[in-house]
Amino acid sequence: MGVLSVLGYKGVFKERLRPHVPALDTALSPGQITFHFQTLKDNFERTVIDDSREAGIPMEIIVGKMFKMEIWETLLSSMRAGEVAEFWCDAIHTGMYALVSKGMRRIAEGRDPLEGQKHRCGMGNMFDYHSTGYDDLDELQRTPQPLIFIMELFRPGHAAGAQLLPVPAGA
């Protein structure tokens with residue numbers, strides 16, 4: 001399938017890996033969105049940084065609540081239920097990824113994502129501790145770079161424990 005620019009955003013490209021599932025098709029409206037994602041470096045090896053399937057927990061965000069990775073709302077809003085898509089995002093859109101990933105990893109580990117932080121924004125805490133606590137995320141903080149996100153959108157409001165759709169081999 002062809003590569004598309006996403007809603008006219010510079011530095012964001014989409015390739016549909018699997019079209020939407022008509023039986024699940026509903027209009028995406030403000031509210032909770034549940035999806036699986038995989039984050040890869042844009043290198044020859046396509047190094048995997050994070051994979052929500054490995055963590056065993058799909059991601060949930062609420063559209064319009066100023067999620068730290070605001071480009072994700074745009075990416076997900078370009079999708080339909082059941083669709084799997086790959087997005088290439090330039091570094092200008094991925095600068096907050098290390099902080100978002102840190103919180104998601106802590107949740108997957110059964111820890112409080114805010115554990116050990118002072119009462120300030122995530123960036124302020126970075127200045128205090130100079131580390132996310134994960135070497136690969138610290139490297140992303142030091143050298144911002146384009147990232148690839150592979151996302152599978154479920155029905156908006158889909159319960160986290162419900163049957164999940166398989167991602168095709170190689171996705």
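The values are calculated or read from the model by the stated rules, or taken from the named source; none is laboratory data. Computed from a predicted model, the values in this text were never measured in an experiment. When we count neighbours, we look across all protein chains shown, and the Cβ atoms used for this are built from the backbone with ideal geometry, even at glycine. When the accessible area is computed, the model is the full protein with side chains, heavy atoms only, and any ligands, DNA or RNA have been set aside. Shrake-Rupley method; radii C 1.70, N 1.55, O 1.52, S 1.80 Å.
Summary of values
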read-out: Sulfur and carbon atoms: percent of accessible area, the stretch 56-107 [1.4 Å]; value: 58 percent
read-out: For residue 49, residues with placed amide H under 5 Å, excluding near neighbours; value: 39, 40, 41
read-out: Projected label distance in nm at residue 108 and residue 143, using a 7 Å step from Cα toward the beta-carbon; value: 2.3 nm
read-out: In sequence order, calculated HN-Hα J values of the stretch 36-52 (Karplus, 6.51, -1.76, 1.60; Hz; x Gly/Pro); value: 9, 9, 9, 10, 10, 6, 8, 10, 4, 7, 6, 4, 7, 9, 9, 8, 5
read-out: Net charge over other residues, Cβ less than 12 angstrom from the Cβ of residue 17 (K, R count +1; D, E count -1); value: -1
read-out: Extension gain (nm, one decimal) between residue 32 and residue 20, 0.36 nm per residue minus Cα-Cα; value: 2.5 nm
read-out: Label point distance in nm, residue 57-residue 10, each placed 7 Å from Cα along Cα→Cβ; value: 3.7 nm
read-out: Burial order of peptide ranges 45-57, 137-149 (average beta-carbon count within 10 Å, highest first); value: 137-149, 45-57
